[in-house]
Each structure stands twice: as C-alpha cells, then as structure tokens.
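*Asks:* Following this message is one structure expressed as structure tokens.
The values are calculated or read from the model by the stated rules, or taken from the named source; none is laboratory data. Computed from a predicted structure; not experimentally measured. Here the Cβ positions follow ideal geometry from the backbone for every residue, glycine too, while neighbour counts run over all protein chains shown.
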Amino acid sequence: MKSNLLKFNGHCISSYAKWVMRGSIFFFFFMVQSVYAQNYYLYVASESDDTVSLLKFDGTTIVEKERIDVGSYPTEIEGPHGITIDPNGRYWYVTLAHGTPYGKLVKYSTATNQVVDETTLGLFPASMQISKVTGFLYCVNFNLHGDMKPSSVSVVDPETMTEIVQIKTGSMPHGSRLSRDGLKQYSVAMMSGELFEIDALALEVTRRLDLEDHTTMDHSKGDHHKMGMKKGGMKHSKIKPTWVIPHPEEKIAYVAGNGSDEIIEVDLEKWKISKRIKAEKGPYNVEISPDGKYMIATLKSIGKTAIWDLKKGSLIKTITNSTAIPHGIAISSDSKYAFISVEGIGGEPGIVDVINLENKTLVDQVEIGKQAGGIAFWKKES
C-alpha cells in the first residue's frame, strides 16, 4: 500500500499536512497580490455632452464610476474642454469653453463631485494647471471663435476663484503645461506658431520663441506665403503647434507640430530648437511619463497613438486607437499606464483607451460621453 507520509526536512508528514501547506502558500500569494493591487482614477471631459466622467482602472479593466453633468443651461452645449486637478487632489476644475461671449472656470470637490465655485475667464478657455509653488491656476484662452489676434493666459486664485490678471501671448494659445518645479508656465499659440514662457511668480512673459522652420524660406524673394504671412500682416503658422510639455528632469520641452507632422524639441537653457522629430500625420497632444522615459503623442488625423523611448531617442510603437480622433493624454503617477481620450465621430460615444507602457499594448477601453477631450489623472491607491 502507498504510504500517505511524505518527507519534509528529514521528518515524516501526512498528505493532509501537505494540503495545508499548499493552501497556506496560495493564501500568502493571494494576500501579496491584494496588498500590491493598484486602482487608478481619472477625470475626462466630454465636450459635446456637457459631462465629465470619473473613471477607475484596476490594472485590468477600466470602468466609468460616475458621470457628472456640468454647465448651467440645459438647452445649450457649454463645452467642457480643459480639466485639471489641484496638487492635493481635493478639487478638480473644468473650463466651459462655449460661453457667450466668455467662457467659465468651474471648481468641483473630488469628495462629492459637486460645484464649489466658478468664475468668468476669456474667450474659449482651454488647457490649465495649478502651480504647487504659487498656488495659482494658469489657463490659456484659446479664442477659437474670435478674431485672429493675440489672446492671453488667465491667472486665477483657485481659493477665491478670482481672476488676477490676463497675460497677453499669441494667436490661439492652446496646449499649456507648467514646469515640474511650478515656476514656469509654457504655452503654444497655434496660429502664430510661437512658444511662450511665463514666470509663474512675476506673472509676465519672459521669453518667446518662433517655432517656424525658416531654413526652407527664400527671404530674398519676399515670399510671404512661405513665411506663413496672410494678407494684412497676420501670421498663420504652418507648424500649428497644439501642445507643449516640459521634460520632468531635463531642460527640454517638446512641442506637437500639428500642421508640420513633427515633434519639436526645444532646449530651454539656450531657448532654441534643438531637434525636429518626424511624426506621422497630425500630432496633437504630447505628454512625457513622470519617470522621463517615454514620450506619448496622439496622432489625431490618423487615429493612432505613438510612443517614443526618450532614453534611446527612437519611436518604439504606434498603436491604433479604438475609434477615430484621439485627443488627450494622461499618464499614471507610476508611469505604468497612458490613458487616451478619443473623441469619436458625430454622435458616437467618446472612448478612453488604456495603454500599458511596460508592454506597449492597448489593454482596455471604456465608452463615455460624446467628444471626449480634456483628461486628467487624479490618484493611485491600493
């Protein structure tokens, strides 16, 4: 007869004891996985639905936890466009861009997703962030439907929801981001083709950079068409920069050249263009992972998202999104996942795609409101 006794460190144990040991080991690994399981939360604005979605991703599946109605007029589309979360994670802010004549900034509590306060900004307020140093919120006024003239960046005290000043920049300022230390604000003007640096403390423009590639222009012939000049002297950029992101560790910023199909690398110390990186059609938003390793860009015109390895200086993957018109990017604080808002076409729902940055694959997606756009990562928790 086969013995039910097993050897363990020179001693005999029963098969029952072996079963108990296996169960204990399984329980141990289950508990370890539970301890290290992470949940990721983010907010996404749907511009054509006047809603903001709170999403949760557990490392495998992304779900919509809540859909929040925003705006004050049920019969009008007020257009939630830009969205950001304060450094402490207590409040989120959304711009209602379609206001007549001016847009609004609305403050919500992350605890309740209820309105706390609001204020009026400029024409079509868009992207924004809050400086952890000054405590101020900096928001570009895109001026999409206004005259083609220089617009501004609104500086707001988010505690009192008071606009302090509007700082004049370029024509149709769109993408904007703060430096990691919160001392500089960078924005790009889409129609005038410029990069602006604002001193976050002094509240003034300190530097301006023309992003056009003048090496292809024949100035001797006075070819103003090639120089991007329209009749009457107003410059219309061929670059059409739509976004800027400063590197988290190095003195470099990257600009999405939506019209020139390139990512422009800017040396922030020398304040000059150091490299032009060819991209596929229509790069729109660009972000860098917090660890500084990856650069991600949405290619709005062809429905794809591109990933570059900044350490190697090369494009490593292009991923087709779940539907057409990828828009915004938010990256988890641990640099593991990129969340891409995808607008969709017409009456289609918007979608948020989740990309695993470790294996460069699209792992899940969730439907939200129409024309998904502004997106902001909130928190990671066990």
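*Asks:* State yes or no: is GLU118 among the charged types (D, E, K, R), at pLDDT 95 or above and within 18 Å of ASN141 (Cβ to Cβ)? Quick ask: steps written out before the conclusion?
*Replies:* Numbers: among the charged types (D, E, K, R): yes; at pLDDT 95 or above: yes; within 18 Å of ASN141 (Cβ to Cβ): yes.
Answer is yes for this residue.
*Asks:* Give the range 142-169 a look and list any residue that's modelled with pLDDT under 95 and assigned to a strand (DSSP E or B), or say none.
*Replies:* Once the filter is applied, which keeps residues that are modelled with pLDDT under 95 and assigned to a strand (DSSP E or B), the range 142-169 yields PRO150, SER151.
*Asks:* Filter the range 73-87 down to the residues that are of a type in the set (S, T, N, Q) and either surrounded by 15 or more Cβ atoms within 10 Å (Cβ to Cβ) or within 18 Å of TYR108 (Cβ to Cβ) (or both) and list them by number. Steps first, please.
*Replies:* Start the filter on the range 73-87 by keeping residues that are of a type in the set (S, T, N, Q), which leaves 75, 84.
Of everything in the range 73-87, just one residue is of a type in the set (S, T, N, Q) and either surrounded by 15 or more Cβ atoms within 10 Å (Cβ to Cβ) or within 18 Å of TYR108 (Cβ to Cβ) (or both), namely THR84.
*Asks:* Further question on the same structure: Which of the numbered conditions does ILE68 fail, given that it passes all the others? Conditions: (1) at pLDDT below 95; (2) within 22 Å of GLY373 (Cα to Cα); (3) not small (Gly, Ala, Ser).
*Replies:* Every condition holds for ILE68 apart from (1).
*Asks:* With respect to GLU76, determine if the residue is modelled with pLDDT of 95 or more and either in contact with a His (Cβ under 8 Å, 6 or more places away or on another chain) or of a type in the set (Asp, Glu) (or both). So that I can check it myself, show each step before the final result.
*Replies:* Details: modelled with pLDDT of 95 or more: no; either in contact with a His (Cβ under 8 Å, 6 or more places away or on another chain) or of a type in the set (Asp, Glu) (or both): yes.
Against the criterion (modelled with pLDDT of 95 or more and either in contact with a His (Cβ under 8 Å, 6 or more places away or on another chain) or of a type in the set (Asp, Glu) (or both)), GLU76 does not qualify.
*Asks:* Could you check SER274 against (1) over 28 Å from TYR43 (Cα atoms); (2) among the hydroxyl-bearing types (Ser, Thr, Tyr); (3) assigned to a loop (DSSP other than H, G, I, E, B) and say which number it fails?
*Replies:* Among (1) over 28 Å from TYR43 (Cα atoms); (2) among the hydroxyl-bearing types (Ser, Thr, Tyr); (3) assigned to a loop (DSSP other than H, G, I, E, B), the lone unmet condition for SER274 is (3).
Okay, residues lined up against (1) part of a loop (DSSP other than H, G, I, E, B); (2) farther than 15 Å from ASP213 by Cβ; (3) hydrophobic (A, V, I, L, M, F, W, C):
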site	(1), (2), (3)
THR242	no, yes, no
GLU265	no, no, no
ILE302	yes, yes, yes
LYS312	yes, yes, no
ALA324	yes, yes, yes
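*Asks:* For the range 196-207, check the following and say yes or no: at least one residue is of a type outside the set (Gly, Ala, Ser) and crowded, with 24+ Cβ neighbours inside 10 Å.
*Replies:* Checked against the condition, which is being of a type outside the set (Gly, Ala, Ser) and crowded, with 24+ Cβ neighbours inside 10 Å, the range 196-207 yields at least one hit.
*Asks:* For the range 61-87, which positions are farther than 25 Å from HIS174 by Cα, under 21 Å from the mean Cα position of the chain (by Cα) and outside any strand (DSSP E or B)?
*Replies:* Across the range 61-87, the qualifying residue is only THR61.
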